[in-house]
Amino acid sequence: DVLGIGFDSLTMQEAVDRALALLDEPGAHRVVTPNPEIVEVCRENLAARHAVKSAGLVLPDGIGVIKGAAMLGTPLKERVPGVEFAARLLERMAGEGKSLYLLGAKPGVAELAAERLKERYPGLRIAGTHDGYFQDDGPIVEDIRQSGADAVFVCLGAPKQELWMARNGPATGARLLCGLGGSLDVFAGTVKRAPKFWRDHGLEWFY
Ligand code: UDP
């Protein structure tokens with residue numbers, strides 16, 4: 001428990017295994033990847049806190065969460081950055097022929113991400129895409145439902161994506177919804193992650 005948010009203590013591998021298992025369990029399961037900024041938002045915003053705490057998987061994306069848990073005497077196994085978790089999950093989903101819907105980012109980015117992901121993970125089925133700048137949830141939820149997607153990556157920034165998933169998850173018909181911030185920009189290649197040195201030293205946030 002770091003400032004009121006209970007995290008799952010899992011290795012990256014265990015987190016991916018758990019998410020894959022959820023794809024085969026009935027219900028709409030949510031994955032959230034809070035960093036320290038999101039934990040801060042949750043202290044003030046009750047709806048965001050509820051949306052984060054009620055998720056099926058709460059993964060520590062951010063060295064601040066790892067340090068905090070260690071200082072509290074309840075260390076977490078490892079940092080599980082959302083974008084890396086997503087990449088590993090897609091590799092496995094491609095192997096099992098599962099389908100994915102990409103929601104979020106500026107117009108055109110989700111489509112570009114879809115193209116890149118299909119090249120990178122042969123066998124991955126992209127059920128649909130939509131940008132993250134819309135007014136009504138209804139038509140998007142309907143589009144996801146019609147697409148029959150097994151999983152949805154919801155990349156609207158925090159806490160918008162966590163609230164969106166909690167509100168609409170079951171109506172989409174998808175088994176798994178993952179809130180992944182700026183990941184579509186990374187998959188599309190429009191934003192680069194920090195170089196390995198910075199990531200390995202817990203300094204991605206600083207970079
Ligand atoms: N975004 C969106 N709709 C919005 C606000 C943001 O689709 O109404 C997208 C934005 O284009 C970006 C992502 O959400 O792709 C948020 O990225 P950011 O890096 O700010 O999120 P973080 O990973 O820090 O949560």
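Quick notes
- Net charge dipole size for the chain [Lys, Arg +1 and Asp, Glu -1 on Cβ; Debye, nearest 20]: 260
- Top positive-direction residue, dipole computed over the chain with Cβ charges, set Leu76, Ala166, Val58: Leu76
- Coupling constants for segment 12-27 follow from the phi torsions by the Karplus curve (6.51 cos²θ - 1.76 cosθ + 1.60, θ = phi - 60°), and in residue order they are 3, 4, 5, 5, 5, 4, 5, 5, 5, 5, 5, 4, 9, 9, x, x Hz; glycine and proline get x.
- Spin-label model, Glu142 to Lys192: label points 7 Å out along the Cα-to-beta-carbon direction sit 4.3 nm apart.
- Take the Cα radius of gyration of the chain and divide it by 2.2 N^0.38 Å, N being the number of residues; the result is 0.96.
- By the rule of a C-alpha distance below 18 Å, with chain neighbours fewer than 8 residues away ignored, the lysines paired with Lys98 are Lys118.
Values quoted throughout were computed directly from the atomic coordinates according to the rules given, and no laboratory measurement underlies them. Computed from a predicted model, the values in this text were never measured in an experiment. Heads up, the Cβs are rebuilt from the backbone with ideal geometry, glycines too, and the neighbour counts pull from every protein chain shown.
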